[in-house]
Amino acid sequence: LRHDLGPRLPRMIAAFLASEGATAAQRERISRAFNTRVYTWYGHSERVILAGECEQSSDYHQFPDYGILELVDDEGHVCDREGERGELVGTGLLSCCMPLIRYRTGDYATRLDPNCACGRCWDRFTNVEGHRKQEMIVGKHGAKMSLAALNMHGPLFERVIRYQYYQEVEGVCILKVVGSPAFSERDRCAIESAYKDKVGDEVAFSVQLVKEIPLTYRGKTRLVDSRIQANAQD
C-alpha cells in the first residue's frame, strides 16, 4: 500500500491468516492491499476447538466433529443465548491418548445464533479475545474495555507499522506506535482525538513513538501490555 505495489500482484483467491488474532482494521488493510477476501480461523495446540469462517460470514463456525464447544461466564453459567459472552471451553473428540474434557482455553468470545446463510447450523461465535487480564484496558472508574470495543476502522493507522496498548495506571493508557517514514504529528493528533471521541474522559490516551515493539517469545504481537495487576500487588 505504501509503495503502490498492488497492481503488480497476481490475482489472489484469498488471504488466510493464522497463528494470532487480527483486528478489524488489520483485516481491512490486508484485504485492501491484496484485493481479496480475508479469512481467519480459531484453534490451538490443545486441539479441543476448531472453527473457521464460511463463504457468507466472517463469524466463526465450530466444526462439530472436532470437539464440543461451550461458552461459560465467570460465575460458571453456560452461555447458550445469542449475545452472551463467556470463556471458550472445549472437549476434544480426536485425541485418544490424552482426552481433554471441558478444557478452559482462557479465551473469551460472544455466542451467535447457529443459523447462517451458508446453511451450516453449527455453533457460532465472534469477537474472540485472549486472556482477559491481558486484553482489557481499565478506565479510571474501573470500566474494562476490550480490544473489540477499542477497535478503529478506516485509514487512521495507515502510517503505523505496529502498535501496542501499554497501561500502568487505571484511566491512563500509552499507545506505543512504530510509525512508517510518512508518520507525522498530524497522525499522532488524529489517533489521540479518535480515542478521545470513543472513550471520553474514562481513559486518557497518548501516543508514544517508539523504534520497536518486542514480539513475544513465540514471535507474536502482544497488543496489550498491562502492568496494573502487578503494580497493585506491589
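The values are calculated or read from the model by the stated rules, or taken from the named source; none is laboratory data. Given the structure is predicted, the values throughout are model-derived calculations rather than measurements. All Cβ positions, even for glycine, are placed from backbone atoms using ideal geometry, and neighbour counts span all protein chains on display. The accessibility values were calculated without ligands, DNA or RNA, using every heavy atom of the protein model including side chains. Shrake-Rupley method; radii C 1.70, N 1.55, O 1.52, S 1.80 Å.
Filter the trypsin sites (Lys or Arg not before Pro) in the stretch 45-134 to those in DSSP coil with at most 13 other Cβ atoms within 10 Å of their Cβ, and list the result.
Numbers: sites: ARG47, ARG81, ARG85, ARG102, ARG104, ARG111, ARG120, ARG124, ARG132, LYS133; in loops: ARG47, ARG81, ARG102, ARG120.
Taking the stretch 45-134 and a limit of 13 other Cβ atoms within 10 Å, the loop trypsin sites (Lys or Arg not before Pro) found are ARG81, ARG102.
With charges only on Cβ, +1 for K and R and -1 for D and E, what is the dipole size of the stretch 32-81 about its Cα centre, in debye, rounded to 20? Could you put the intermediate results ahead of the total?
Working: 4 positive and 10 negative charges, 87 e Å.
Computed about the Cα centre, the dipole is about 420 debye.
Run the helix sum for the chain: -39,500 (n - 2.57) per DSSP H stretch of 4+ residues, divided by residue count, reported at 222 nm to the nearest 500 deg cm²/dmol. Please report the intermediate quantities before stating the final value.
Numbers: 4 runs with 36 residues, N = 234.
The helix-only estimate for the chain comes to -4500 deg cm²/dmol at 222 nm.
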*Shape call for the stretch 14-72 from the C-alpha gyration tensor, a ≥ b ≥ c root eigenvalues: rounded (a/c under 1.5), prolate (a/b greater than b/c) or oblate?*
prolate
_Per DSSP, loop trypsin sites (Lys or Arg not before Pro) in the stretch 176-234 with at most 14 further Cβ within 10 Å_ = LYS211, ARG218, LYS220, ARG227
_With every protein chain in place, the stretch 29-166: carbon and sulfur % of accessible area (1.4 Å)_ = 52 percent
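Rounded, prolate or oblate, given the Cα gyration tensor of the stretch 80-234, with a/c below 1.5 counting as rounded? Walk me through the numbers on the way to the answer.
On the way: a/c = 1.86, a/b = 1.68, b/c = 1.11.
It is prolate, given that a/c is not under 1.5 and a/b is the larger ratio.
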*What's the FRET efficiency of CYS118 with ILE13 using the Cβ-Cβ distance as r and R₀ = 22 Å, to the nearest 0.05?*
0.80
*Have a look at LEU147, THR216, GLY130 and report the one farthest towards the positive end of the charge dipole of the chain, computed about the Cα centre with Cβ charges (Lys/Arg +1, Asp/Glu -1).*
THR216
*Distant-in-sequence amide H partners of VAL207 (H built 1.01 Å from N, under 5 Å)*: LEU175
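Might you tell me the accessible area per residue for the stretch 1-134, computed with a 1.4 Å probe and given in Å²? If you can, show how the numbers build up before the last one.
Numbers: 8300 Å² over 134 residues.
Accessible area per residue, the stretch 1-134: 62 Å².
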*Given R₀ = 25 Å, FRET efficiency for HIS141-THR23 by Cβ-Cβ distance, to 0.05?*
0.50
*lysines whose Cα lies under 19 Å from that of LYS196, excluding same-chain neighbours fewer than 8 positions away*: LYS140, LYS144, LYS176
